[in-house]
Amino acid sequence: MTSKILVLKGDGIGPEIVNEALKVLGSVKDKFALDIEWQEALIGGSAYDALGTPLPGETMELAQAADAILLGAVGGPKWSGVDGSLRPEKGLLGLRSELDLFANFRPAILYPQLAQASSLKPELVSNLDILIVRELTGGIYFGQPRGIRTLDSGEREGFNTYVYSESEISRIAHIAFQAAQKRNKRLCSVDKANVLEVTVLWREVVSEIAKQYPDVELSHMYVDNAAMQLVRAPKQFDVLLTGNMFGDILSDVAAMLTGSIGMLPSASLNSENRGMYEPIHGTAPDIAGQGIANPLATILSVAMMFRYTFARPEVAEAIEQAVQKVLNEGLRTADIATASDTRVSTTEMGDAVVAALA
Ligand code: NAD
């Protein structure tokens, strides 16, 4: 049966980088005779401008029918005055929760060719390869009740609820253990069990599930220590398992270790491995429309799509090797270029990856 991909270019640099990823998708479709097709729809600010909502019904229907979604990014200063419920980010959050995309995979890989782009010394980060598995549809970002209320005293109070059920912890833990089994078999679960009861339960459930994965070495670490260890000795980690908020923060730290936010892909999966694939960066309004954005994170997101949703690791590897090849050839977009490098545009980088695939 033909596999369906929904393409959501989004805002800012979104259309520029997704266009390059589509060239790569077209190229692997031919090369591997893949039975795939794709269709575009609106999301985020561009959907709001056209239809008055960041997540139009048609987009939601197509997303529900798709096997995988390729997303650019959403948001930007243009929509900062829009009512909170109609902000571009709401489109993305709505999609993640409607499709139950609870498992977020964020690899942080340092390409040896880009070692000088890291903020850490090369010896600390050379060959860095960490996978952060983040719970994406629960925790404090979604817990109820939440809001800002006025107390009897007249003072205002903001409040959120940090809550995880056993089943929410268990399903993300299984995903993380299975990911660790396919890598170096080490899993570090991040919590704040010295202060937060939610994460006391988190630690208990993860430890219980570990018995089903005797080949994986499990450790636990408080989130403050994990943040410190990530910048002190990041290579000690293989797979990190985190809740929603801790993962949000730690994965940005891990991203920075690799030098460029323009290089890192991500996947968000549901329990059937259907998923949304997107670069970890945002819409980069400061460079949008200039043709200089790095499309590699989005191209590598296509590789993740073939690895996780379509179970075609050889297609994923071909794309990843093509990216390695263009980096070896010295091609650099502005964000990863040093003074001596030749800088290429967004489209030149996409074309080079397509050429390397051929
Ligand atoms: P950002 O990731 O868009 O940009 C941060 C910096 O990195 C900027 O200097 C930008 O130019 C640079 N950068 C990002 N991607 C790049 C690329 N591919 N190539 C070269 N340089 C790149 O983060 P921000 O500035 O905090 O956010 C801008 C907008 O994006 C905001 O509206 C934010 O809400 C939104 N955002 C969306 C997503 C998403 O859709 N998943 C994620 C993060 C931020």
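Scanning segment 340-358 for residues that are open to solvent by less than 20 Å² (accessible area, probe 1.4 Å) and in contact with a Ser or Thr (Cβ under 6 Å, 6 or more places away or on another chain) turns up Met349, Leu357. Listed by first and then second residue, the pairs linking a residue in segment 121-144 that is over 22 Å from Ala180 (Cα atoms) to a residue that is open to solvent by 10 Å² or more (accessible area, probe 1.4 Å) and among the aliphatic types (A, V, I, L, M), with Cβ atoms under 6 Å apart and 6 or more places separating them unless they lie on different chains, are Pro122/Ala115; Gly139/Met245; Ile140/Met245; Gly143/Val163.
Just for segment 60-78: of the residues that are within 13 Å of the ligand (Cβ to nearest atom) and more than 24 Å from Gly350 (Cβ to Cβ), which one is most open to solvent (accessible area, probe 1.4 Å)? Full working, then the answer.
Going residue by residue through segment 60-78, those that are within 13 Å of the ligand (Cβ to nearest atom) are 69-78.
This time we only want the ones that are more than 24 Å from Gly350 (Cβ to Cβ), so: 77-78.
Numbers: Pro77: 92, Lys78: 143 Å².
If we take residues in segment 60-78 being within 13 Å of the ligand (Cβ to nearest atom) and more than 24 Å from Gly350 (Cβ to Cβ), then Lys78 is most open to solvent (accessible area, probe 1.4 Å).
A single member of Asp248, Asp335, Asp351 is assigned by TED's automatic domain parsing to the domain that holds Phe142 and touching a residue at least 40 places away in the same chain (Cβ under 8 Å), and it is Asp248. For segment 305-339, filtering for residues that are open to solvent by 10 Å² or more (accessible area, probe 1.4 Å), away from the ligand (no atom under 16 Å from the Cβ) and more than 27 Å from Val74 (Cα to Cα) leaves 13.
A quick yes/no check of all residues on (1) surrounded by fewer than 22 Cβ atoms within 10 Å (Cβ to Cβ); (2) within 16 Å of the ligand (Cβ to nearest atom); (3) within 25 Å of Ala311 (Cβ to Cβ):
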site	(1), (2), (3)
Gly14	no, yes, no
Lys23	yes, yes, yes
Ser27	yes, no, yes
Asp35	yes, no, yes
Gln39	yes, no, yes
Gly44	no, yes, no
Pro54	no, yes, no
Glu58	yes, no, no
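Of all residues in segment 235-293 being charged (D, E, K, R) and more than 14 Å from the ligand (Cβ to nearest atom), which is least open to solvent (accessible area, probe 1.4 Å)? Here the residue is Asp238. Going through (1) under 13 Å from Ile17 (Cβ atoms); (2) more than 13 Å from the ligand (Cβ to nearest atom); (3) surrounded by fewer than 16 Cβ atoms within 10 Å (Cβ to Cβ); (4) not hydroxyl-bearing (Ser, Thr, Tyr) one by one, Val302 falls short only on (3).
Quick one: is Val18 assigned to a helix (DSSP H, G or I), closer than 30 Å to Leu357 by Cα and within 13 Å of the ligand (Cβ to nearest atom)?
Working: assigned to a helix (DSSP H, G or I): yes; closer than 30 Å to Leu357 by Cα: yes; within 13 Å of the ligand (Cβ to nearest atom): yes.
It is true that Val18 is assigned to a helix (DSSP H, G or I), closer than 30 Å to Leu357 by Cα and within 13 Å of the ligand (Cβ to nearest atom).
Within segment 86-104, residues that are under 18 Å from Thr242 (Cα atoms) and assigned to a strand (DSSP E or B) reach partners that are within 15 Å of the ligand (Cβ to nearest atom) and open to solvent by less than 40 Å² (accessible area, probe 1.4 Å) with beta carbons closer than 6 Å, at six or more positions or on different chains, in the pairs Asn104/Arg134; Asn104/Leu136; Asn104/Ser268. Select, from Leu187, Leu196, Leu218, the only residue that is surrounded by 13 or more Cβ atoms within 10 Å (Cβ to Cβ), in contact (Cβ under 8 Å) with a residue 12 or more places away in the chain and out of contact with any Leu (no Cβ under 8 Å at 6 or more places or on another chain). None of the other options fit; the residue is Leu196.
The values are calculated or read from the model by the stated rules, or taken from the named source; none is laboratory data. Computed from a predicted structure; not experimentally measured. All Cβ positions, even for glycine, are placed from backbone atoms using ideal geometry, and neighbour counts span all protein chains on display. With ligands, DNA and RNA removed, areas are computed over all heavy atoms of the protein, side chains included. Shrake-Rupley method; radii C 1.70, N 1.55, O 1.52, S 1.80 Å.
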